[in-house]
1. When residues of segment 17-33 are filtered for being crowded, with 24+ Cβ neighbours inside 10 Å and either β-branched (Val, Ile, Thr) or closer than 30 Å to SER387 by Cα (or both), how many remain?
2. Can you find even one residue in segment 369-381 that is free of Cβ contacts under 8 Å to residues at least 40 places away in the same chain, more than 18 Å from ILE254 (Cβ to Cβ) and not small (Gly, Ala, Ser)?
3. Mind telling me which of the residues ALA315, ALA211 ends up being open to solvent by 20 Å² or more (accessible area, probe 1.4 Å), within 16 Å of the ligand (Cβ to nearest atom) and of a type in the set (A, V, I, L, M, F, W, C)?
4. For VAL159, are the conditions met, namely being assigned to a strand (DSSP E or B), over 28 Å from GLY401 (Cα atoms), at pLDDT 95 or above and not charged (D, E, K, R)?
5. Just wondering, is there one or more residues in segment 65-73 that are touching a Pro at 6+ places or on another chain (Cβ under 8 Å), at pLDDT 95 or above and surrounded by fewer than 23 Cβ atoms within 10 Å (Cβ to Cβ)?
6. Report whether or not GLY9 is in a loop (DSSP other than H, G, I, E, B), surrounded by fewer than 17 Cβ atoms within 10 Å (Cβ to Cβ) and assigned by TED's automatic domain parsing to the domain that holds ARG400.
7. Looking at segment 140-151, is at least one residue under 25 Å from ILE79 (Cα atoms), surrounded by fewer than 19 Cβ atoms within 10 Å (Cβ to Cβ) and within 16 Å of the ligand (Cβ to nearest atom)?
Amino acid sequence: MEKFVVTGGKPLFGEVNISGAKNAAVAIIPAVILCDEPCQIENIPNISDVTLISKILQQMGAKVRRINKSTLYIDPTHIGTYSATTDLVRGMRASYYLLGALLGRYGKAKVALPGGCNFGVRPIDQHLKGFEALGAETRLVDGAIIEAECEEGLTGSHVYLDVVSVGATMNIMLAACRAKGLTIIENAAKEPHIVDLANFLNSMGADIRGAGTDVIKVRGVSYMHGISYSIIPDQIEAGTYMCAAAATRGCVTITNITPKHLESISAKFREMGCKITEYDEALTIDATVKPLKRCNIKTMPHPGFPTDCQPQFTALLMGVPGTSIVNENVWDNRYQYISELVRMGAHISVEGRLAIIEGGTPLTAAPVKATDLRAGAAMIIAALQVSGTTEISSIQYIERGYEDVVEKFKSLGADIKKVYYSDDTEHELELRA
Ligand code: EPU
C-alpha cells in the first residue's frame, strides 16, 4: 500500500514545469488507430493512464515504443482486431475513445465499458447517439461490452448533442474522420484538448473545421498519414499548482503552459487577491501581496471554470476566511472528497450541487484518502496548509493524472514523500524510486 506523507505549513516558492495534457493524450493515443502509418507524439505526460492506454494498443497489435520520457512512437499498422475487451480496457474511463477510433477505421468496434474516476453517473449515451447518426448500430452485450457496427461504412450526418460533452465531441470526431461525406456536430464542447485532437487529426490529413466553437464540421477522408505531433500543456495540472501556491501563500512560476487556456482559473485567483503575471508560455502566481479574499465558483464547460479544478479550489478556499460557495454544474456527484476535508477541520456543507465553505477555521492533520484523481490533488493542497503531518491513501488515483507529483512539489519546497506500508511487517519503507 502506497501513501503520500505531507508535512505542511510552509509557503511554496520556485518554478514548476507542466507536463502534456492528460485528457488530450488519452484521446490522441487511440486516435493513431485511424492512421495508415506510424506516428510520433511528443509532450506526452508520464502518468499511469498513458501507460494503460499504450498497453491496450499493444494488446491489440500496435507497436508502441517510448523514445524518451515524453515521446511515444506508435505504429498502428499491425493492429489485427476491432475488439478491446480486456480488464485493462475496463480499468480506464478514456478507453471509450477506442470505440470512435475503431469504428472510424474498421466500421466496427467491440469495447469493454469504461471504468475510471469514481464520481456520479457517467453515461455515454451521446457518444452512441453520434455513432448511430453516422449509420452504426450499437448494442450493449452482457451489460459490460459495447458493440458498434456499420456494414455499409459510416456516412456523414448531423449530430446535435443534448449535453455539452467533451468525450462525445471527440469520439464523434474520431468516428467521422474517415466516414463518407460531411458530419456536423452541433452543441460541441470547446475545451483546448478538443482543438488539440482536431489539430492532430488534421495534421494526419483529416478535414476538421470549427474545433473550439460549438459547431464542428468533419469531411471524411480516405487516407491518413503518419506525423510527429506535440501535445498541448495540461491546464488542470497548472491550475493545481496555482492552487497549491495560493493555499500556502507562496509565489510560484508555472512554465510550459498556454496562459490563454488558464483564463477562467487566473481570473478567480485575481479576484481572490493573487497577483498573476503572464508570459508567452509561463505565468507567475504571487499570493504574498495581500490577504486572500473568499470567492464563489461555478463550474461550466470551457471557456467556463473547469470542473477538474473544483476540488483543488475547494481545498484552497477552506483556508480563506469568509463564506465561499462552489456550484458544481457539470457532474452530479463530485463532492465525495469533502468528508475527507471535514476530517481536517474544514467547515463545508453540501446541498445538492452547492458546497458552502466557511473558510478560515483551524485545520489539523488527519489521515485522508484520495477518492478520485482531482480529489487526491485537493488532499495534497489541504495537507500543505496544515503544519502537522497528513497521510494520503489511495494515491493510485493521483498517479493516474499527475506526472512526478512528489518531485514537482518537493522542488517548490514542500515536505512530501511517498511511502510504502507492507501489511505483513507493518513496516514503513520510504520509496527511493
Ligand atoms: N454526459 C451525458 N451523456 C454522455 C456524455 C456525458 O449525459 O454521453 C454528461 C456527463 O454525465 C456530465 C457531462 O455530460 O454530466 C459532461 O461530461 P463529459 O462527457 O464532458 O465528460 P467526459 O468526456 O467523460 C472529460 C474528462 C473529465 C472532465 C470532463 C468535463 C477525460 C478522459 N475526462 O470527461 O476529466 O471532468 O471531461 O470536462 O477527458 C479528470 O481529468 O479528472 C476528469 C474527470
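The values are calculated or read from the model by the stated rules, or taken from the named source; none is laboratory data. Predicted model, so just to flag it, every value in this text is computed and none were measured. Positions of Cβ are generated from backbone atoms using ideal geometry, with glycine treated the same way; all protein chains shown enter the neighbour counts. All accessible areas refer to the heavy atoms of the entire protein, side chains included, with ligands and DNA or RNA removed. Shrake-Rupley method; radii C 1.70, N 1.55, O 1.52, S 1.80 Å.
1. Summing the residues that are crowded, with 24+ Cβ neighbours inside 10 Å and either β-branched (Val, Ile, Thr) or closer than 30 Å to SER387 by Cα (or both) in segment 17-33 gives 7.
2. Yes, some residue in segment 369-381 is free of Cβ contacts under 8 Å to residues at least 40 places away in the same chain, more than 18 Å from ILE254 (Cβ to Cβ) and not small (Gly, Ala, Ser).
3. Numbers: ALA315 fails: open to solvent by 20 Å² or more (accessible area, probe 1.4 Å).
Checking each option against the conditions leaves just ALA211.
4. Yes.
5. From segment 65-73, those touching a Pro at 6+ places or on another chain (Cβ under 8 Å) are 70, 73; that's our starting set.
With the extra rule that they be at pLDDT 95 or above, the set shrinks to 70, 73.
Now narrow it down to the ones that are surrounded by fewer than 23 Cβ atoms within 10 Å (Cβ to Cβ): 70, 73.
Among the residues of segment 65-73, at least one is touching a Pro at 6+ places or on another chain (Cβ under 8 Å), at pLDDT 95 or above and surrounded by fewer than 23 Cβ atoms within 10 Å (Cβ to Cβ), which makes the answer yes.
6. Numbers: in a loop (DSSP other than H, G, I, E, B): yes; surrounded by fewer than 17 Cβ atoms within 10 Å (Cβ to Cβ): yes; assigned by TED's automatic domain parsing to the domain that holds ARG400: yes.
When the stated conditions are applied, GLY9 passes them.
7. Checked against the condition, which is being under 25 Å from ILE79 (Cα atoms), surrounded by fewer than 19 Cβ atoms within 10 Å (Cβ to Cβ) and within 16 Å of the ligand (Cβ to nearest atom), segment 140-151 yields at least one hit.
Residue by residue, here is whether (1) among the acidic types (Asp, Glu); (2) open to solvent by less than 10 Å² (accessible area, probe 1.4 Å) holds:
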position	(1), (2)
ILE216	no, yes
ARG219	no, no
CYS251	no, no
GLU263	yes, no
ALA267	no, no
GLU278	yes, no
GLU281	yes, no
ASP286	yes, no
